[in-house]
1. Report, in debye and to the nearest 20, how large the dipole of the chain comes out about its Cα centre when Lys and Arg carry +1 and Asp and Glu carry -1 on their Cβ.
2. How about K92: which aspartates and glutamates have a C-alpha closer than 15 Å to its C-alpha, ignoring those fewer than 8 places off in the same chain?
3. In what order do I107, I40, I149 fall by count of nearby beta-carbon atoms within 10 Å, going from fewest to most?
4. For the stretch 49-183, build the convex hull from the C-alpha positions and give me its volume per residue in Å³.
5. For the stretch 1-97, run through the chymotrypsin sites (Phe, Trp or Tyr not before Pro) and keep only the ones in DSSP coil with at most 15 other Cβ atoms within 10 Å of their Cβ.
6. Using a cut-off of 26 Å between alpha-carbon atoms, which lysines can reach K141, once sequence neighbours fewer than 8 places away in the same chain are excluded?
Amino acid sequence: MRELALNILDITENSLAAGAKHVSIALTADFTADRMRIEICDDGCGMDEETLAKVTDPFTTSRTTRSVGMGIPLFKYSAESTGGNFGIFSEKGKGTRIFAEYVIGHIDRMPLGDFGGVVLQLATMNPSVDFTVTVEADGRKGVLDTSEIKEILGGIPLDMPEVRAFLKDYIQENLVSIYGGRL
Ligand SMILES: Nc1ncnc2c1ncn2[C@@H]1O[C@H](COP(=O)(O)OP(=O)(O)OP(=O)(O)O)[C@@H](O)[C@H]1O
Ligand SMILES: [Mg+2]
């Protein structure tokens, strides 16, 4: 994986597989401290303690097509290889929260990549799931709440071409105004 946005997609796909109805994705950058943080929180089925203790090990997976789960180990590695931190918290029946913190200027920090594209894809392709995406950098903050958007649209699907095009521009403009090309 060469883009953190793809890690985010991967971790969020775990939330969707866990039956989450609401997923929050938060991206925070503090350029003065040279730190950024990604956090994904869901209300899916959660994990028992035994699974939770093993998920950062690449040999743990619930998939049947191959025995190795890579999403969480790669996300953890992407942060720790920059001198950052990683954490995962989960409770069976309640949900899961995963965060990764990066040193922005570290040579091994992967670029964020097409985060806007990932948000657009998640929001338009999972109509029954609500996403809250919060982006914050140096005092500038933007929140995208798909449940609010769906309410305003009153039944018009998010993947309708005109709506999708509007959302795409809206997300992109907001991201540019918050962190520009700095991540
Ligand atoms: N948000 C979550 N809620 C519940 N269980 C989860 C969640 N995230 C991960 N898990 C459990 O942890 C396991 C490991 O996740 P990981 O993303 O590392 O691998 P994977 O999803 O199995 O495979 P891959 O991501 O490589 O396709 C999953 O198979 C699943 O059982
Ligand atoms: Mg996965």
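Coordinate-derived values only; no laboratory data. Computed from a predicted model, the values in this text were never measured in an experiment. So basically every Cβ, Gly included, is an ideal-geometry build from the backbone, and we count neighbours across all protein chains shown.
1. I would put it at about 260 debye.
2. D42, D43, D48, E49, E50
3. Values: I107 7, I40 24, I149 18.
Least crowded to most crowded, the residues run I107, I149, I40.
4. On the way: hull volume 20.8 nm³, N = 135.
In the stretch 49-183, the Cα hull volume divided by residue count equals 154 Å³.
5. Loop-located and lightly packed - F31, F59.
6. Leaving aside lysines fewer than 8 places away in the same chain, those within reach of K141 are K21, K76, K150, K168.
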